[in-house]
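Read the figures in this text as sums done on the coordinates, not as results from a lab. No experiment lies behind these values; they were computed from the predicted model shown. For neighbour counting, all protein chains shown are included, and Cβ atoms are generated from backbone atoms with ideal geometry for every residue, glycine included.
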């Protein structure tokens, strides 16, 4: 899992409609080659802003590769998570935001970490600035120009997804939605995705349910036993009377 956790590969703004299109192509039964062709056709006339200007071949390929890695050809350890997400999309289409959030967080832990820094800041203040986000990211990934560039792509993707909005102050953002998750299976999918986004694959349950990386969402209270009963890829370990550690099997 190391390579996936070290990568910062959000090389393009990823629009929510593209995520939904990719998942739908899978649900329709298309194979990997057909989906790649369909996405190239779609993105050939779609800019990151959603306008209908022709995209360059390089930027189009970068966006297609990201979408494919999330939904169509994920890392081997993420295939079961992807399959579960597809099953939930069939049943709970109204929860598609949280399902797509889970998949991109697991495939690209950089997304998860950007969201975590944003969530931490939003717990302290009403709006966050790019400089605050990027400074925190550089503490984790190093002071590289690509960290700021890909961080900017991630933030702008979250604006495009509708979970952040531009504030009146240039370069600052506010939270724009708050989704109360009611389906426990979708919530457990998010928990598994968070574990996959964590290098050692284990986190205390309380920290998972209140993880700042889930800042657009509110997860219901549940026990570790319940999580492990509904998801056989997650193990629960108890510490004392109340502390529960969840880890990937």
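Descriptive notes on the structure:
- Average Cα contact separation per residue, the range 179-248, under 8 Å, 6 or more apart, as relative contact order %: 38 percent
- Computed over the chain, the ratio Rg/Rh where both radii use C-alpha atoms and Rh is Kirkwood: 0.95
- Its relative contact order, with pairs defined as Cα atoms under 8 Å and 6+ residues apart, puts the range 2-90 at 31 percent.
- Between residue 166 and residue 140, residue separation times 0.36 nm minus the direct Cα-Cα distance comes to 6.9 nm.
- Our helix-only sum for the chain, with -39,500 (n - 2.57) per DSSP H run of n ≥ 4 divided by its residues, gives a mean residue ellipticity at 222 nm of -16000 deg cm²/dmol.
- Computed over the chain with a Gaussian network model linking Cα atoms closer than 10 Å, the most mobile of 179, 114, 128 is 179.
- Residue of 201, 119, 56 that the Gaussian network model of the chain assigns the largest fluctuation, springs spanning Cα pairs under 10 Å: 56
- Kirkwood hydrodynamic radius of the range 2-90, from inverse mean 1/r over distinct Cα pairs, in Å: 13.7 Å
- For the pair residue 178 and residue 204 in one chain, pulling the backbone fully straight at 0.36 nm per residue adds 7.0 nm over the alpha carbon distance.
- The spacing between the range 58-74 and the range 186-249, judged by their C-alpha centroids, is 28 Å.
- Treating each Cα of the range 110-175 as one equal point scatterer and applying the Debye formula with no solvent, the log10 of I(q)/I(0) at q = 0.19 Å⁻¹ comes out as -0.64.
- Share, in percent, of DSSP beta bridges within the chain that are antiparallel, nearest 5: 90 percent
- Shape category assigned to the range 142-185 from the gyration tensor of Cα positions, a/c cut at 1.5: oblate
- Between the range 104-177 and the range 1-21, the C-alpha centres lie 14 angstrom from each other.
- Of the beta bridges in the range 125-223, as assigned by DSSP with both residues counted there, near 75 percent are antiparallel.
- Full extension of the chain between residue 238 and residue 37 yields a length gain of 67.6 nm, computed as 0.36 nm times the residue separation minus the alpha carbon distance.
- Candidates 107, 194, 148, ranked by Gaussian network fluctuation over the chain, Cα under 10 Å, top entry: 148
- Considering only alpha-carbon pairs that sit under 8 angstrom and 6 or more positions apart, the relative contact order computed for the chain is 21 percent.
- With a Förster radius of 45 Å applied to the C-beta separation of residue 229 and residue 125, the computed FRET efficiency comes to 0.70.
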